[in-house]
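**Student:** Can you read through this structure? Questions will come right after.
Where a number appears in this text, it was derived from the coordinates with a stated rule and is not lab data. Quick caveat: nothing in here was measured; it's all calculated off a predicted structure. Counting neighbours? That spans all protein chains shown, and the Cβs are built from the backbone with ideal geometry, glycine included.
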Amino acid sequence: MDIIFIKELCIETVIGIYDWERKIKQMVCIDLELGTDISKASTSDDVKDTLDYKAVAKTVQSFLKESEFMLVESLAEETVKLIFEKFNVTYIKGRFSKPGAVTKAKEVGVIIERTKNAP
């Protein structure tokens, strides 16, 4: 399996459990590792034979700009489900963080790994 990655994709979204968080947008930053087969693209040198990381990034950005999750855990799980639905990937490892959410910590968040069709 080959990995295509996206690092530090940062999007403003409504995220949080406190009343004040429900009224503002906060930054969420995402790192994605997307498992797919790039062998055809490496031979053809054609983007249509690979996973278009720009399309993945735009899809995730659009989804999160319109979302209003309470928990980073929910945001992460639903983002991964969306990527599996829309793109030809068999594995996703995602790191989802809220920079500055905890005093004296650079960021907090979750890391999840999912394989397509696995619980």
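**Student:** Which entries of 40/65; 58/98; 23/86; 54/106; 58/81; 40/81 show an alpha-carbon separation above 23 angstrom in the structure shown? Could you put the intermediate results ahead of the total?
**Tutor:** Numbers: 40/65 33 Å; 58/98 19 Å; 23/86 30 Å; 54/106 27 Å; 58/81 15 Å; 40/81 25 Å.
Among 40/65; 58/98; 23/86; 54/106; 58/81; 40/81, the Cα-Cα distance tops 23 Å for 40/65; 23/86; 54/106; 40/81.
**Student:** Let me ask something else. What are the ³J(HN,Hα) values, in whole Hz, obtained from phi via the Karplus relation 6.51 cos²θ - 1.76 cosθ + 1.60 with θ = phi - 60°, for each residue of the stretch 32-44 in sequence order, with x given for Gly and Pro?
**Tutor:** Once rounded to whole Hz, the list reads 10, 10, 10, x, 7, 9, 9, 4, 5, 5, 5, 8, 7.
**Student:** Cα-Cα pairs above 25 Å in the chain: how many percent? Please report the intermediate quantities before stating the final value.
**Tutor:** Numbers: 1831 of 7021 pairs.
I get 26 percent for the Cα pairs in the chain exceeding 25 Å.
**Student:** Sticking with this structure for a sec: Within a Cβ distance under 12 Å of residue 41, other residues only, what is the Lys/Arg minus Asp/Glu net charge? Walk me through the intermediate numbers first.
**Tutor:** Values: positive: 40, 48; negative: 2, 37, 45, 46, 49, 52.
Around residue 41, the surrounding residues sum to -4.
**Student:** Then there's this: Could you give the angle, 0 to 90 degrees to the nearest 10, between helix 53-66's Cα long axis and the longest principal axis of the Cα atoms of the chain?
**Tutor:** Once rounded, one gets 30 degrees.
**Student:** Which order, highest average first, do 31-40, 103-112 follow once you tally other Cβ atoms within 10 Å for each residue and take the mean per peptide? Before the final figure, lay out the partial values.
**Tutor:** Values: 31-40: 16.4, 103-112: 11.9.
Top of the packing list down: 31-40, 103-112.
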